[in-house]
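Structure, as structure tokens:
The values are calculated or read from the model by the stated rules, or taken from the named source; none is laboratory data. Just so we're clear, the structure is a prediction, and the values are computed from it rather than from any experiment. So basically every Cβ, Gly included, is an ideal-geometry build from the backbone, and we count neighbours across all protein chains shown.
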Amino acid sequence: MPRISLQKVTMRFGDIYAVRDIDLVIKDGEYLTILGPSGCGKTSLIKVISGLWTPSEGRVLIDGEDVTDVPIEDRQVGYVFQNIALFPHMKVAKNVSFGPRMQGKTTEEGQETADRFLKLVNMLDRLNMFPGELSGGEQQKVAIARAMASGARLLLLDEPLSALDARVRMDLRYEIRRLVKELGITVIHVTHDQDEAMSVSDRIVVMRNGSIVESDSPMRLYRRPNNLFTAYFIGETNLLEGMVADKDDRNILIKLRDGTDIKVGGNRHFNINDAIVLSVRPEYVYPAKEGLSAKVVQVIYMGSYWRVVTRAKSEDIVEYNIPKHHEPPNIGQGLELVFNRKMSMVYKRPKEGIAEAVRLE
């Protein structure tokens, strides 16, 4: 399976940059997800990788070979689109065998290939049906089988599940992950759905404004993102402004805007009086006898837990979760909140302000 290397890749249209100065390596057999808000450049990037678009600058290499100017049909890539692109007048078997037959295989060889990949996606019993007779999830399975049956060395998935119902989307993303790992295929999966990215990826690339913000495993991006935008975009988090009041070798003391002192672990690179942003996910916020004073403004039933929304004296909104079998607090009730010291994340306050630093496109 191929190793993909992007070197200083830029894609622009006049003065508009869709992708800017991208350096990225995708390993053999890796399931890489490109994640970001709408308009961040992720679809533009996958079109450059596929050969649908030629970059304005930079190079695309597959297994060390420069394919920057090589068209998609000569790159041995399978491309699955957001809008399911099957031939409506062809039955499932002919849709999947189309690629092999165009490559010169006999009808029998094409059918054998189609049968193999339809079996892998559990669609062999649908081979004599037309696409219009299938559900959306079934159609996308056929599209994936067709992409792989063409002999693709690299599978590109461009928002492949976004048009499907939530339950189908969840089931199919696990099925895709199982399938490509079984075959050892290199996958680049574009999505704006962070749950989808977290559940299927070996590695996630976070994009914003045409550039890569950071790249890491799903767990590390969730637990210890290096960038404030990533902390805000992946999962949910509370953001509070403050300053560094004191520090030692193991902890720093943060004074929030309402005067509350919060001690958090690590973060030795900060200096006293640095303006910072504290990021704490709702699952690491707890009611206590003494802490950040706040009042409950909303209680939301989330099925498996209660989400409690509070407002601190500083007007900061702080949310936390409690188990569904616990009695939630009343709206207007005052309480004190503490944060998990080890799981609290601290970032330098961005010069442009928090709202601009985490703004989606």
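Which residue is nearest to the chain's Cα centre (by Cα), if the candidates are limited to segment 317-361 and must be of a type in the set (A, V, I, L, M) and part of a loop (DSSP other than H, G, I, E, B)?
Looking at the filtered set, the residue picked out is LEU360.
Of everything in segment 39-75 that's surrounded by fewer than 15 Cβ atoms within 10 Å (Cβ to Cβ) and in contact (Cβ under 8 Å) with a residue 60 or more places away in the chain, which residue is nearest to LEU156 (Cα to Cα)?
Only one residue tops the list, namely ASP63.
Here is a check on your reading of the model: is VAL264 touching a Lys or Arg at 6+ places or on another chain (Cβ under 7 Å) and either touching a residue at least 60 places away in the same chain (Cβ under 8 Å) or not in a strand (DSSP E or B) (or both)?
Working: touching a Lys or Arg at 6+ places or on another chain (Cβ under 7 Å): yes; either touching a residue at least 60 places away in the same chain (Cβ under 8 Å) or not in a strand (DSSP E or B) (or both): yes.
It is true that VAL264 is touching a Lys or Arg at 6+ places or on another chain (Cβ under 7 Å) and either touching a residue at least 60 places away in the same chain (Cβ under 8 Å) or not in a strand (DSSP E or B) (or both).
If I ask for residues that are touching a Phe, Trp or Tyr at 6+ places or on another chain (Cβ under 8 Å) and either loosely packed, with under 11 Cβ neighbours inside 10 Å or in the same structural domain as VAL206 (by TED's automatic domain parsing) (or both), which ones from segment 315-356 would you list? Even if it seems obvious, please write down each step before you answer.
Keep residues of segment 315-356 that are touching a Phe, Trp or Tyr at 6+ places or on another chain (Cβ under 8 Å), which gives 320-324, 326, 328, 337-340, 343-344, 346, 348.
PRO323, HIS326, listed by residue number.
Having 1 or more residues that are not assigned by TED's automatic domain parsing to the domain that holds LYS119 is the bar; report the strands (runs of 3 or more DSSP E) wholly within segment 11-105 that clear it.
No strands (runs of 3 or more DSSP E) qualify here.
Any residue in segment 296-311 that is out of contact with any strand residue (DSSP E or B) (no Cβ under 6 Å at 6 or more places or on another chain), of a type in the set (D, E, K, R) and either under 19 Å from PRO37 (Cα atoms) or without any contact (Cβ under 8 Å) to a residue 40 or more places away in the chain (or both)?
Within segment 296-311 (the criterion being out of contact with any strand residue (DSSP E or B) (no Cβ under 6 Å at 6 or more places or on another chain), of a type in the set (D, E, K, R) and either under 19 Å from PRO37 (Cα atoms) or without any contact (Cβ under 8 Å) to a residue 40 or more places away in the chain (or both)), the answer is no, since none of the residues qualifies.
Can you say whether VAL277 is in a strand (DSSP E or B), more than 30 Å from ILE46 (Cα to Cα), of a type in the set (A, V, I, L, M, F, W, C) and in contact with a helix residue (DSSP H, G or I) (Cβ under 8 Å, 6 or more places away or on another chain), as far as the supplied structure shows? It would help to see each step written out before you state the result.
Details: in a strand (DSSP E or B): yes; more than 30 Å from ILE46 (Cα to Cα): yes; of a type in the set (A, V, I, L, M, F, W, C): yes; in contact with a helix residue (DSSP H, G or I) (Cβ under 8 Å, 6 or more places away or on another chain): yes.
Considered against the rule, which asks whether it is in a strand (DSSP E or B), more than 30 Å from ILE46 (Cα to Cα), of a type in the set (A, V, I, L, M, F, W, C) and in contact with a helix residue (DSSP H, G or I) (Cβ under 8 Å, 6 or more places away or on another chain), VAL277 comes out as yes.
Here is a list of conditions, (1) out of contact with any strand residue (DSSP E or B) (no Cβ under 9 Å at 6 or more places or on another chain); (2) at positive phi, and ASP74 meets all of them except one; can you say which number that is?
So the condition that ASP74 fails would be (2).
Against the condition crowded, with 22+ Cβ neighbours inside 10 Å and in contact with a Leu (Cβ under 6 Å, 6 or more places away or on another chain), how does ALA197 come out, does it pass?
yes
Residues that are over 13 Å from the mean Cα position of the chain (by Cα) and under 23 Å from ARG75 (Cα atoms): list the helices (runs of 4 or more DSSP H) wholly contained in segment 126-245 that include at least 2 such residues.
136-149, 166-183
Applying the selection to segment 106-117, what residues are buried (at least 16 other Cβ atoms within 10 Å of the Cβ) and either outside any helix (DSSP H, G or I) or among the hydroxyl-bearing types (Ser, Thr, Tyr) (or both)?
Within segment 106-117, THR113 is the sole residue that qualifies.
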